Each structure stands twice: as structure tokens, then as C-alpha cells.
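Working notes, structure below.
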Amino acid sequence: METDTTIPTAGAVLAEDGFWEELVTSALLGTDRRAPAGLAVAPGGDLPGALLDAAALHTVRRRAGLRPGPAVTPPERAPEDPRGPLPGAARRRLDQLLAGRAAPSPAGRRGAAPDLAELLPQWLALANELGYKAPAAALPALLDAARARTDLRPQALQLAGPRGLWLARLNPEWRFALRGAGAGGSLPDPGDREAVRALWDEGLFAERVALLAAVRTRDPAAGLALLASTWTTERAEDRLMFLDSLRAGLSGADEEFLEAALGDRSRNVRATAAELLSALPSSALAGRMAGRAVTCVGLDRTAESPTIIVEAPHECDTGMQRDGLAATPPAGRGERSWWLGQLVEAAPLSCWPRRFGGRDPEEIVALPVADDWQGELHAAWCRAAVRQRDAAWSRALLGSPATPPATGPGTSSLAERAQLLSTLPQEERALWVASFIAAHGMSEAFQLLGVCEVPWAEPLGGAVIDALDIAREAGSYPWSFSGVMGLAERCLAPEAARQLESLTARPDEAEDVSPGAGGYWSEAFQRLVSTLRLREAMRAELTEPAL
């Protein structure tokens with residue numbers, strides 16, 4: 001038989017560019033819809049068979065013709081980590097926590113098993129506190145966990161250490177570790193002036209922010225000098241971030257620099273400088289603000305009983321704006337009340353006892369305020385107490401924990417109360433919150449519990465357990481208190497498990513309670529007990545001698 005020379009053979013067309021793509025397209029669309037151009041069909045054969053023959057031949061040719069690539073340069077050796085290894089049980093626990101962080105709850109219910117993802121932050125914090133390093137085999141999972149949860153990053157990257165940063169450079173998905181908090185792992189010693197200078201002049205922005213924070217923490221004056229050396233050449237957004245670093249170690253030594261920053265071109269920089277200066281009660285700005293504020297707020301001595309009267313500013317002049325006051329109020333807010341709030345917030349609280357005849361903060365807060373200015377005035381005092389970390393004014397504005405928030409002094413906002421509590425010593429704030437829970441139950445306590453030291457000291461822990469028991473007895477469902485239950489799992493002292501044991505039993509179903517509530521509470525308390533015991537086991541594993 002003669003060969004048809006007008007039809008190219010399969011071997012001839014294999015060399016044509018794009019023929020492989022032609023075959024793939026025809027295979028996907030079907031040879032009926034698109035026949036491969038230039039493909040010969042042997043006599044007696046069919047087009048699909050010819051396509052498969054050509055594809056097989058082309059595949060073998062591609063594989064046979066593949067040349068090995070050039071050898072790559074091996075990565076540099078991972079740096080040494082001088083920290084000690086984890087004890088064996090703790091290593092296994094870390095693997096369990098990292099594996100469990102992504103495991104979904106069956107059928108969407110938490111059941112009685114502890115939530116491992118919620119325990120991982122505590123485990124990392126304790127391991128770092130004890131000075132351990134992460135096992136090499138756990139580094140990929142640790143970096144994956146830090147990538148998925150930003151709240152884990154500082155602790156996870158600290159445990160990963162220099163080897164974690166080395167590994168992160170090899171995978172684009174872990175590059176986050178080289179920025180922000182991760183940059184802290186490669187910072188020079190703040191006392192090494194030459195290395196600090198080099199990084200400050202040549203480093204990336206995140207590295208410079210981390211460096212300034214580290215230097216400022218070690219030596220506030222050195223941090224200020226470092227920032228001042230390049231201040232005029234920095235971009236406005238960078239100046240704002242750098243200026244914020246001065247909150248650590250803020251003192252009168254920073255006043256001259258901050259006063260100069262009040263003339264900055266950036267409004268945000270000026271506002272931050274003013275806020276920092278107002279936190280220094282003896283600063284010139286605080287004095288100017290006090291002078292303005294006391295002309296607006298005073299005592300009406302003509303009234304039958306002492307009453308505070310308020311005359312809000314009628315304008316926001318250039319001097320007030322230079323000192324950080326924003327002239328334009330937010331939508332829905334009156335100009336004069338907006339200006340008054342900013343003035344009182346920035347004024348030193350020490351100016352008010354003199355203004356009110358030697359009264360202490362509690363007596364001042366108890367004074368009636370004329371013309372419905374009480375809310376505005378007390379809210380500004382609350383912000384000032386938080387900014388100036390003034391415990392005496394915070395106590396006065398918080399009032400008695402037994403007083404209902406809506407009728408108490410200061411503020412009814414639980415968020416603002418939580419901020420005021422943060423200025424009090426740990427024991428005092430725990431005692432205040434425990435009394436608040438005893439008086440008002442758990443429904444409004446979530447934000448207040450968040451500012452208390454962990455683990456919750458007595459009587460706070462007992463107050464939380466009693467309040468949960470009361471809610472159970474009242475027939476509520478436990479998911480109405482899911483936020484507090486989650487906090488209790490992380491914050492109650494492990495010793496509280498013994499007190500909770502009696503609450504894990506499933507009670508008899510009463511007629512006047514929500515159907516099934518007793519069983520759900522039993523399950524919730526079982527989970528709480530098992531979580532507390534797991535936390536106790538985690539601590540024991542981390543404190544046992546390493547093998």
C-alpha cells in the first residue's frame with residue numbers, strides 16, 4: 001500500500017509547536033466538536049483512537065526529552081537555639097494542640113470535650129515563660145497556626161525562635177513571620193549602639209518600629225534620641241507609628257520633643273503628641289488645658305446646695321487646635337459639647353479639687369450637674385482617668401459595685417467601666433467585679449471579667465461559679481452565657497474543678513424550666529471541669545524535668 005504523503009504522520013506532527021495543546025483542547029471538547037488540526041488517521045482507524053495514540057506518543061517524547069535542571073544552592077544552615085527542649089509529655093501535648101486547633105466540632109456541638117484551640121494560647125504563653133524552644137518537627141504546624149490566627153503570632157513566633165524565622169524565609173506563606181512582631185526575633189541587643197544605628201538607618205519599617213519599642217523599653221532616653229535623630233526625614237504615617245512608641249516609659253523628659261511635635265504637618269501626629277502630653281499632668285499643655293477647662297466648669301455657689309455648672313466653649317480657636325482639639329465634631333454631635341469633652345479629657349484631674357473647694361474625687365463626682373451636662377462631663381472625666389491612670393478618680397467614677405450601672409456615678413457604659421477598672425490594682429479590680437457579679441449576675445459581667453488577672457483569684461472565681469449555678473437553677477440555657485463559660489474555661493483556677501464537680505450531674509427535669517436545659521448545663525459543666533483538669537495537666541507536663 002502506498003503512503004498518503006499529503007497527510008502528515010503522527011511522528012511528523014509531534015515536533016510542531018502547540019500540538020500538545022491542540023490535542024488537549026480536542027480531548028476536552030470532543031473530537032466531534034473539534035478535530036485536532038494536522039492529525040492523521042490510519043486507514044480503518046478512527047479520530048478518537050488517533051488522538052489517544054498521538055497523546056501517548058507525545059507524552060513519552062516529553063518525558064524522555066526532559067533535561068535535569070541545574071543544581072540549586074542549598075539553604076544556609078538553621079541558626080542554633082540555645083533554649084532548652086520541651087519535656088516529652090509537653091512535646092506530645094503541643095502536637096495534640098496543634099492538630100486539634102483545626103478539628104471541627106462534630107455536628108457543630110462542643111460536647112463535654114475541651115476546646116483545644118482555646119487552650120493553645122495559654123500553653124504557648126506558659127512554655128515561653130519557662131524558656132523552652134519548639135521542637136524542630138513542630139515548626140511547620142506552629143507557623144501554620146500563627147498564619148491562621150493573628151492572636152497566636154507573638155507567642156507562637158517566640159516559641160519558634162530563630163529557627164522558625166529561618167524556616168519562614170523558605171515558604172512564601174510564612175512571610176508574615178518576618179514582619180511586625182516576627183521582626184523582633186532578629187533585632188540586635190538594644191545596648192549594641194552600632195547595630196541599633198545600622199538597623200535604624202537601613203531596616204524595614206516593621207523592623208524599625210520593633211527596634212524603637214525595644215530600645216525605648218530598655219532605655220527611654222536612648223529611644224527618644226534615636227527617634228529624634230531622623231524625625232524630620234520620616235514620612236507622616238511613619239512618624240505617627242514611631243510617636244506612639246513613646247507611650248512606653250513616657251515622662252517629663254519627653255515633653256520638649258512632644259511640644260515640638262504639636263507643630264507637625266500631620267493632624268494625626270499633632271493629636272497623638274497632644275494626647276501624650278495630656279498624660280503628663282505637669283506638662284505645659286496640661287496647664288493650658290486646665291486653664292481652659294476650669295473656665296468652663298465650676299461651682300454654682302448661689303444654689304441652695306452645691307451644684308456644678310457648665311459653660312461649654314463657644315469656639316475652637318487656633319490655640320486649642322494646635323493643642324490637639326479637633327474642631328469638627330462627628331456626625332450627630334454638637335460642636336460645643338464636643339469641644340468641652342476634649343478639653344476636660346485633656347486637663348489634668350489634679351485641677352478639679354482646687355476648683356471645687358478642696359473636695360476629693362468621690363465628693364466631686366457626687367455633686368449634681370446643672371442643665372443635663374452630667375453625662376458629657378462624667379464621660380470626659382472617665383476618659384481622663386483612664387488616660388492619666390488615676391486610680392482615685394477611677395474608684396469615684398466606678399462607684400459601688402452594688403449600684404445598678406444605670407443609676408450609679410460616672411458612667412453606665414460597661415466598656416468604660418472596664419477601662420476604669422484597668423487602672424486599679426489587680427486584687428482590687430477582682431474584688432470589685434466579684435461584688436458586681438454577686439449583685440447583678442453574669443449577664444453584664446463579660447467585659448468586666450476581661451480586665452481581671454488570670455487565673456481568677458478568690459472571691460472572683462467563686463462569684464462566677466455561684467452566678468452560673470443561679471442561672472442554671474433559674475432554667476436558662478447555658479448558651480445564653482456562652483461568652484462567660486468560654487472565659488471561665490480559660491480563666492478559672494484549675495483548683496475550681498473540685499467545686500464544679502457537683503454541678504456536672506444531670507438534674508431531674510422540672511416542669512417550670514426550659515426543656516432539656518438541665519442536660520445542656522450538665523454537659524457544659526462537664527466540659528468546664530475537663531478543661532480545668534487539662535490545664536492543670538498541661539502545667540504539670542511543662543514543669544516536669546526534660547528527658
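With the Kirkwood sum run over all distinct C-alpha pairs, the stretch 432-498 has a hydrodynamic radius of 11.8 Å.
Entry comment: accessible area of the stretch 239-304 is 46 Å² per residue, from protein heavy atoms only and a probe of 1.4 Å. Cα convex hull, the chain: 300 Å³ per residue, rounded to a whole number. Work through the residues other than ARG301 whose Cβ is under 14 Å from its Cβ and net out their charges, Lys, Arg +1 and Asp, Glu -1. Overall, the nearby charge balance is 0.
What order, most packed first, do the peptides 345-356, 368-379, 298-309 have when packing is the mean number of other Cβ atoms within 10 Å of each residue? Each step should come with its number before you reach the end.
On the way: 345-356: 19.9, 368-379: 15.6, 298-309: 12.9.
My ranking of the peptides, most packed first, is 345-356, 368-379, 298-309.
Protection proxy ranking, highest mean first, for peptides 246-258, 116-128: 116-128, 246-258, where packing is the per-residue count of other beta-carbon atoms within 10 Å, averaged. Please compute the contact order of the stretch 387-536 in relative form: average sequence separation of alpha-carbon pairs under 8 Å and at least six residues apart, divided by the residue count, as a percent. Reported as a whole number, the value is 18 percent. Centre-to-centre separation between the Cα atoms of the stretch 150-178 and those of the stretch 184-223: 20 Å.
Which value in Å does the Kirkwood hydrodynamic radius of the stretch 190-278 take, with 1/r averaged over all unlike C-alpha pairs and then inverted?
Its Kirkwood hydrodynamic radius stands at 13.0 Å.
Between beta-carbons, use under 11 Å as the cut-off and find the net charge around VAL310, counting Lys and Arg +1, Asp and Glu -1. That sum, taken over residues with Cβ under 11 Å, equals -4.
Shape summary of the stretch 220-338, radius of gyration then Dmax from alpha carbon positions: 17.3, 60 Å. Here is how the number arises for the chain: DSSP H runs of 4 or more residues each give -39500 (n - 2.57), the sum is divided by the residue count, and the result at 222 nm is -16000 deg cm²/dmol. Computed over the stretch 279-342, the range of Cα coordinates on each principal axis works out to 39, 34, 18 Å, biggest value leading. Cα-based values for the stretch 302-374, radius of gyration first and Dmax second, are 14.0, 40 Å.
The alpha-carbon atoms of the stretch 344-455 define a convex hull whose volume equals 96 cubic angstrom per residue.
Assign unit charges at the C-beta atoms only (+1 for Lys and Arg, -1 for Asp and Glu), then state the dipole size of the stretch 240-353 relative to its Cα centre in Debye, rounded to the nearest 20.
Values: 10 positive and 15 negative charges, 36 e Å.
The calculation lands at about 180 debye.
Residue order by solvent-accessible surface for SER480, SER282 is SER282, SER480, largest first, with ligands and nucleic acids left out and a 1.4 Å probe.
Calculate the dipole size of the chain relative to its Cα centre from +1 charges on Lys and Arg beta carbons and -1 charges on Asp and Glu beta carbons; express the result in debye to the nearest 20.
Computed charge dipole of the chain: roughly 1080 debye.
Working from Cα pairs under 8 Å separated by at least six residues, relative contact order for the stretch 230-351 is 25 percent. Averaging the sequence gap over all C-alpha pairs within less than 8 Å and six or more residues apart, then dividing by the number of residues, gives the chain a relative contact order of 10 percent. Positive-end ranking of LEU227, TRP123, VAL369 along the dipole of the chain, with charges on Cβ about the Cα centre, is headed by LEU227. Under the convention that each Lys and Arg Cβ holds +1 and each Asp and Glu Cβ holds -1, the size of the dipole of the stretch 359-405 around its Cα centre is about 300 debye.
When the alpha-carbon atoms of the stretch 138-259 are used, the pair Rg, Dmax equals 15.7, 50 angstrom. A probe of 1.4 angstrom, applied to the heavy atoms of all protein chains, finds ARG175 with accessible area near 110 square angstrom. Of the complete DSSP H runs in the chain, none spans 30 angstrom or more by Cα along the long axis with a mean Kyte-Doolittle score not below 1.6. Around the amide H of VAL310, modelled in the peptide plane, lie the amide H atoms of ALA370, all under 5 Å away and 5 or more residues distant in sequence or on another chain.
Within the assembled protein chains, the solvent-accessible surface assigned to ASP238 is about 20 Å², based on a 1.4 Å probe.
Hydrodynamic estimate: the Kirkwood radius of the stretch 344-394 over Cα pairs, inserted into Stokes-Einstein at 20 °C and 1.002 mPa s, corresponds to D of 193 µm²/s. The alpha carbon convex hull volume per residue for the stretch 403-544 rounds to 110 Å³.
The values are calculated or read from the model by the stated rules, or taken from the named source; none is laboratory data. Here the structure is a predicted model, which means the values were calculated and not measured. Note that each Cβ is placed from the backbone with ideal geometry, even for glycine, and that neighbours are counted across all protein chains shown. With ligands, DNA and RNA removed, areas are computed over all heavy atoms of the protein, side chains included. Shrake-Rupley method; radii C 1.70, N 1.55, O 1.52, S 1.80 Å.
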